[in-house]
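Quick notes on the structure that follows.
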């Protein structure tokens, strides 16, 4: 996973485009937007993170703060505390 790719996607695309990309990847089709990743699983991870970031931005949060909040949640899940 490359957090910078999720950040790029959230900044460049709206929620509808990200949703369509997630659906395409879930159906093993190529998304209409450019998503970088080594395989479809990593690409889907990037899109799903971008969707979470975009949702916070659309709710009024600053992009930088939205990114930090989502990545903080991911770190919390990945740590074994």
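See the values below:
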| item | result |
| --- | --- |
| D_trans [Stokes-Einstein, Kirkwood Rh over alpha-carbon pairs] for the chain, 20 °C, 1.002 mPa s, µm² s⁻¹ | 170 µm²/s |
| Helix 15-26 vs. the chain, principal-axis angle (Cα, 0 to 90°, nearest 10) | 60 degrees |
| Debye intensity ratio I(q)/I(0), log10, region 1-47, q values 0.18, 0.22 Å⁻¹ (C-alpha model) | -0.43, -0.65 |
| Whole-Å distance, taken between Cα centres, linking region 19-54 and region 62-76 | 19 Å |
| Relative contact order %, the chain, counting alpha carbon pairs below 8 Å whose residues are six or more apart | 32 percent |
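Values quoted throughout were computed directly from the atomic coordinates according to the rules given, and no laboratory measurement underlies them. Everything numeric here is computed off the predicted structure, so don't read it as measured data.
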